[in-house]
Every structure is written in C-alpha cells, then in structure tokens.
Amino acid sequence: MGGAAQVLSRGVITTPLGPITAVVEDQGLVALQFCVPGAEAEAFAMLAAQYHASLIDDGHPALQRIQRQVNAYFEGDRQTFSIPLALRGTPFQRKVWSALQRIAFGQTTTYHQVAERIGNPAANRAVAQACGSNPVPLIIPCHRVIETSGGLGGFSAGLDRKRDLLQHEQRISPQLPLLQLVAKRAQEHQRSARCEDLLDALPTRLREWFDTPEPLDRALPPSLWLNEAMSALSPSAWPQLAQTLALRGRELDDETLTFLARDVTNLLAARWADTTPEVVELQTVLRTAVTTDAPSFALIVRQLLRSGPIEPAVRDTLEQLLQGILSGEISCSRAMRQNTVDLWLDLHGQDTQDSWVAHRSDDPTALLASAGMSHEAIMTAEQRLARGDGDRRETLLSLVELYEQVGDFQSATERLLAVLVDEDDPELHDRLRRLQDKN
C-alpha cells in the first residue's frame, strides 16, 4: 500500500488460550490474531507492516467491548459476537468470510460445503486459503471449517487452539455435534447395515423385486409388493422398511421406491396418532419423511407436541432433527425448512417452567440466520423482543444486523435508535450515521 501510514489503535485481549493482539479503527475491528505469550510486540510489528499503519495504545473503547465479548464467549455466556468489522480483503475473501459467519456455534462444516454455499463448488483450495487469511479468527469462526475426510484441516492460530475451540463449543452446546462428518459416516454405515439386514429378511422374490434396477422389469405392481413386504415383516420393522425404500429411491433416483417409502411413513403416522413410538423408530421415520419430503413429517411432530409433556429422549430427537434441518446439515426442500421454523417455535413454546426445557431451549435466531433464513430470524427476534425474552440490548443489536442483511436500513435504524435511548455509545453513534447514509 502506498502513501502515508494510517494510524490504528491496538490492544491485547486476554483469553484462556493465550493473548490475542487486536487492531481497531473507528469503523470497527481490523484484526484479531492469537499470538505466543510474550511475543505481542513482534505480532504488532507484523500487523503494522501488513496494514501499513502506525499502531498506538490509546485505550480505544472498542477494545474493552471486544474483551467483554471474548470473556463471555469463553465463560459460555455468549455464542455470537456483535462487533462491527472493518475488514480488508478481496471480493472472494469477503464472500468466504461472510459464509463463515453463518456457521452456527457448536457446528462444523467442510471447505467443500463452504465452496458450494458461495456458488463455486470447485474452489475448495481457494476457500481454505481465504480461511487462512481470515483477519479475525474467533469472530469469523474459521475454526468451524474442517476437511471432508473429518480431519481438522488448518488454522492460523495452530491446530491445538482449533481443537480447543471446538471442544469448548462442544462442552457448551453438546446437542450440536462437532466433527460431524465422522459421526455422520458411522451413522450412514449403520443405516446401510440395517437396510441389508431387513432385505435379507424378505422372501427371495420380494428381495429380487427390490434389487431389479428397472421399474418396468419388476414382476409385481408396487402396491402389491409393498403389501406382501409389510405382511412378511413385523410392524416393528416397518420404520426400517420405509428408510430402506427411501435410501434406495434416492440412490437410484427411483420415484416408485420414494413413493412407497412415503406411503409407509403416512401409515405409521396414522398408527402413532394415539401412542408415542420408540425413539429409534421415531428417528428412522422422521428422517425418512424428510428424505421423501412427506407431509407426515409435520403431522408426526405436531401429534407429539399435542400429546402432552414430551419425554426428554423424544424431545432430544425432535430438537436435533429440527436443528439439523434449519442449519442445512440435513438436506430437504425449501418448503420443509420453512415449515420447520413453525415446528421449532412450537417445540420451544411449551411450558418453560419445565427445567429440562429451560436448560436446553436457546434463542433460535442465530440458528435461523446461520441457515440463511434471515426473514425467519427477524420474525423470531421480534417475537422475543415483544415478549421481553432474553437480553433486550442483544436482541435489538441482532435485529440491526439482520435488517441490514436484508437491506431494510430503515428498520435497522429504528432498532439501533432503541438501543441508543438506553446508552450513549460512540461506536453505536458511528453505526447510526452509516445506516442513515444508506437510507
């Protein structure tokens, strides 16, 4: 960079994982880098050269705010950050960094999945490089990106710190499994084995029908095959039959098998109208319903919610599945994801005096935002604000960010003004001026 050096503020943020050197300007955070204890001066020298800037210790108020939020993160009281950023980067890097900010606390994704999200699925290596160039790790959570193989990949602050950050988030949010690819592959292997066991239990001619790749070559009409297969199996095996049909239907792009899977899930939904299924059966059927885009998915969930207090194991199953859909971990249609928003709110709208619910129920706003569902996140945050749930200031600031994301700068301004009524923060005044310039 040519010309005179700019003047930026600097400070050291203390964390359980060692010191972090921070560089800020009035518009926001410029850099936040882990460093070796005792090597802060060298780290600042490198940052000064990188940004062609003079770094001064002027006690900038933003540094105290960053320290508070970082403390809250490591204490388990904060899962997202509300720190204005003033990043320098190429358009591609900024696109990647924006995608990283949508990875929810306690979750991981892969470099390839990030590349797909930004519309460039062949850019795995470039995405990894952009993660390595991330100027504010922790705030932009590149530590949540791992390799497709399940390996940790790289991290500018070192793999030990990456592992520590992932383990910290796992302890705080155990219902959102980290290193999901390893667990996911194990689950897929188990599902495949169960499918083979079920097929082996069918009479030979029914198994041969199933293994016939061309629908026109099959000896029985689909409805007759399904009747005979269900008669040959015990009712307890029907959920597994539905999953086997759904998985093979997806694998072969065979609509006949998909429709049969949907028929079985609809039948089970009717059978479960007055009874709660076993957890394993429930997991199998609900995932099958998601795979086949069956309306029985919402029907079964609503039946469980109407049946009275839900057992913790059943609630665990519902919450993990709904989170998986909203976060994008479980692929499904857009319509099902939208319906899942209502199901999530219904699940968490139950009696909050239930100690288990109070312990496990989190604000879904960040989860919805991380899934790219900004309008749904706004709706949820506005409802929380109207009810007086959670920290009012944090909810208002979340709404400011969400309204900015969707381009509603007038609403963002109104919500920011509501914060300024209660506090006189120079940073927020600067942010207000920037918003007013956009209106």
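I'd like the full set of residues that are of a type in the set (S, T, N, Q) and either in a helix (DSSP H, G or I) or on the phi > 0 side of the Ramachandran plot (or both), limited to the stretch 265-293.
265, 266, 283, 284, 288, 291, 292
Of the conditions (1) surrounded by 15 or more Cβ atoms within 10 Å (Cβ to Cβ); (2) modelled with pLDDT under 90, residue 158 clears all except one; give me its number.
Failing condition for residue 158: (1).
For the stretch 52-104, what are the residues that are under 23 Å from residue 132 (Cα atoms), without any contact (Cβ under 8 Å) to a residue 12 or more places away in the chain and of a type in the set (Lys, Arg)?
Within the stretch 52-104, just 94 meets the criteria.
Could we say that residue 317 is part of a helix (DSSP H, G or I) and within 23 Å of residue 252 (Cβ to Cβ) here?
The answer is no for residue 317.
Scanning the stretch 21-65 for residues that are among the β-branched types (Val, Ile, Thr) and modelled with pLDDT of 90 or more, which turns out surrounded by the fewest Cβ atoms within 10 Å (Cβ to Cβ)?
Out of the qualifying residues, it is 56.
Checking residue 22 against (1) part of a strand (DSSP E or B); (2) over 18 Å from residue 70 (Cβ atoms), which single condition isn't satisfied?
Failing condition for residue 22: (2).
Could you list all residues from the stretch 390-403 that are acidic (Asp, Glu) and surrounded by 15 or more Cβ atoms within 10 Å (Cβ to Cβ)?
Residues satisfying the conditions are 394, 401.
The values are calculated or read from the model by the stated rules, or taken from the named source; none is laboratory data. This is a predicted model, so every value here is computed, not measured. Here Cβ is always computed from backbone atoms with ideal geometry, including for glycine, and neighbour counts include all displayed protein chains.
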